[in-house]
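What follows is one structure encoded as structure tokens, with my remarks underneath.
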Amino acid sequence: MDRIYLCLAHMSGNEMQYIQEAFDTNWVVPLGPNVDAFEKDLENYVNGKGVLNKRVVALSAGTAAIHLGLIMLGVGKGDEVICQSFTFAASANPITYQGATPVFVDSEPDTYNMDPQLLEEAIKDRIQKTGKKPKAIIPVCLYGMPPKMDEIMEIANRYEIPVLEDAAEGFGSKYKGQICGTFGEFGVMSFNGNKLITTSGGGALICSNEEAKKRVMFYATQAREPYPYYQHEQIGYNYRMSNICAGIGRGQMTIVDEHIGHHRWVHEQYVAKLAGIKSVVVHSVPEDDMEPNYWLSTIRFENGKHTIDGDLLPLIGKLSDAGIETRPLWKPMHLQPVYKDAPAYVNGVSEHLFSCGLCLPSGPFVGTREINYITNNIIENL
Ligand SMILES: *Cc1c(COP(=O)(O)O)cnc(C)c1O
């Protein structure tokens with residue numbers, strides 16, 4: 001059997017046609033018809049048959065999308081931004097790019113995402129300590145599981161703090177029928193090679209209206225003013241997606257529903273196979289109105305033995321020797337040396353998840369045979 005990876009890119013077969021078009025018309029540049037068409041595809045997708053009216057800007061990375069979102073929200077030197085602690089560093093790093101300080105908020109145990117109660121405590125405490133409100137809130141759709149968006153949006157609206165949703169791992173996940181990334185003022189998508197759909201590398205920012213989209217495009221193309229010569233009145237970035245990458249994205253959009261269907265199927269198989277094992281919990285949807293994409297299926301060991309300082313890393317080594325790629329869950333940002341001085345509001349949830357959690361192969365080449373092999377290997381090593 002070939003090595004089984006967590007999540008690999010999976011081409012639909014339609015990608016080359018769009019790339020070929022770009023070559024034939026000599027649009028081998030940033031911007032071009034594929035970028036426009038990919039943005040249209042994404043807008044149609046997130047707007048769900050015209051229920052919403054969001055706009056999407058295709059960018060060079062999800063990280064670039066977070067950065068531009070923060071710029072759009074006016075985040076700058078001396079500001080604070082609340083960010084989910086249990087996440088990949090890319091959620092938080094752009095806060096630092098802006099000279100602002102991240103304030104980390106821990107997770108609740110149902111979705112593994114931002115704990116609304118702790119969020120409110122953090123807001124109150126920051127106002128008391130600094131005399132001003134945090135500039136933005138970044139909840140994350142971790143492993144494709146939607147955060148408790150109703151509660152988070154209610155608090156954000158009450159304190160009038162804008163929300164920048166990091167849905168980089170949650171492409172196509174839904175909360176109460178609405179696509180994740182469309183609840184806040186801005187939403188972030190990633191098309192990195194290991195994400196649910198890929199453009200080899202890339203991302204997008206979901207914007208609330210056309211005006212915001214134009215502004216994001218301005219910052220993403222070096223903040224060039226509309227003059228016949230190169231006039232710059234603000235600092236800009238080179239963050240646009242290339243026309244070649246967007247061609248891959250257009251191809252991927254033709255099979256996105258099948259992709260998501262497959263990830264959900266893989267999750268169901270893990271649940272079925274591990275149902276009888278008391279010490280292993282497969283993370284599953286806590287509420288009926290959440291529809292995760294299950295980008296990665298994750299389990300946690302509740303046996304006190306397979307922990308990060310105990311038998312978890314040796315188990316990962318054994319699985320790797322058997323040709324199975326697994327990985328611990330994200331190490332919370334408040335435990336990262338680089339963020340040791342950042343304020344953090346914690347409750348032990350993300351530390352527990354990091355200590356006993358494992359990501360399992362969930363991508364396109366994981367079928368029934370692979371699931372049996374993976375789960376048997378885990379059970380044998382308990
Ligand atoms: C992948 C990822 C990002 C960043 O996306 P890139 O396209 O890799 O820059 C941001 N946040 C989370 C949670 C991610 O998993």
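The values are calculated or read from the model by the stated rules, or taken from the named source; none is laboratory data. This is a predicted model, so every value here is computed, not measured. Note: ideal-geometry Cβ built from the backbone for every residue, glycine included; neighbour counts use all protein chains shown. The protein model used for the area step is the full one, side chains on, heavy atoms only, and it has no ligands, DNA or RNA in it. Shrake-Rupley method; radii C 1.70, N 1.55, O 1.52, S 1.80 Å.
As a fraction of the 1.4 Å probe accessible area of the chain, surface on carbon and sulfur atoms comes out at 51 percent. Taking chymotrypsin sites (Phe, Trp or Tyr not before Pro) across the stretch 176-234, the ones in a DSSP loop with at most 10 further Cβ atoms lying within 10 angstrom of their Cβ are TYR229, TYR230. These residues, LYS77, LYS129, LYS213, go from largest to smallest accessible area, 1.4 Å probe, as LYS77, LYS129, LYS213.
Look at the alpha carbon pairs under 8 Å that are at least 6 residues apart: their mean separation over the length of the chain gives a relative contact order of 24 percent.
One decimal place: the segment LYS132-PHE365 gains 78.9 nm when fully extended, by the rule 0.36 nm per residue minus the C-alpha distance. Accessible surface calculations at 1.4 Å, restricted to protein heavy atoms, place the chain at 42 Å² per residue. Each semi-axis of the equivalent ellipsoid for the chain is √(5λ) with λ an eigenvalue of the Cα gyration tensor; in descending order they amount to 33, 28, 17 Å. Do the sum for the chain: with -39,500 (n - 2.57) for every DSSP H run of n ≥ 4, divided by all residues, what is the mean residue ellipticity at 222 nm, to the nearest 500 deg cm²/dmol? Roughly -11000 deg cm²/dmol at 222 nm, from the helical runs in the chain.
The Rg/Rh ratio for the stretch 256-380 is 0.99, where Rg is the radius of gyration of the alpha carbons and Rh is the Kirkwood radius. When the chain is treated as a GNM with alpha-carbon contacts under 10 Å, the residue of ALA37, ALA64, ALA344 showing the greatest mean-square fluctuation is ALA37. Can you compute the modelled spin-label distance between HIS352 and MET1, with each label point 7 Å from Cα toward Cβ, in nm? Distance between label points: 3.2 nm. When the chain is described by a simple charge dipole with +1 on each Lys and Arg Cβ and -1 on each Asp and Glu Cβ, the residue from ALA61, PHE354, GLY184 located farthest towards its positive end is ALA61.
Under the simplified labelling scheme, the LYS176-LEU382 pair shows an inter-label distance of 3.8 nm, with each label point 7 Å from Cα along Cα→Cβ. Largest mean-square fluctuation among TYR270, TYR237, TYR227, in a Gaussian network model of the chain whose springs join Cα atoms under 10 Å apart, belongs to TYR227.
Got a sec? Which residues in the stretch 188-210 would a label at MET16 touch, if it sits 7 Å along Cα→Cβ and we count backbone N under 19 Å? Correct set: 198-200. Extending 7 Å from Cα along the Cβ direction at GLU211 and again at ARG158 yields two label points whose distance is 2.9 nm.
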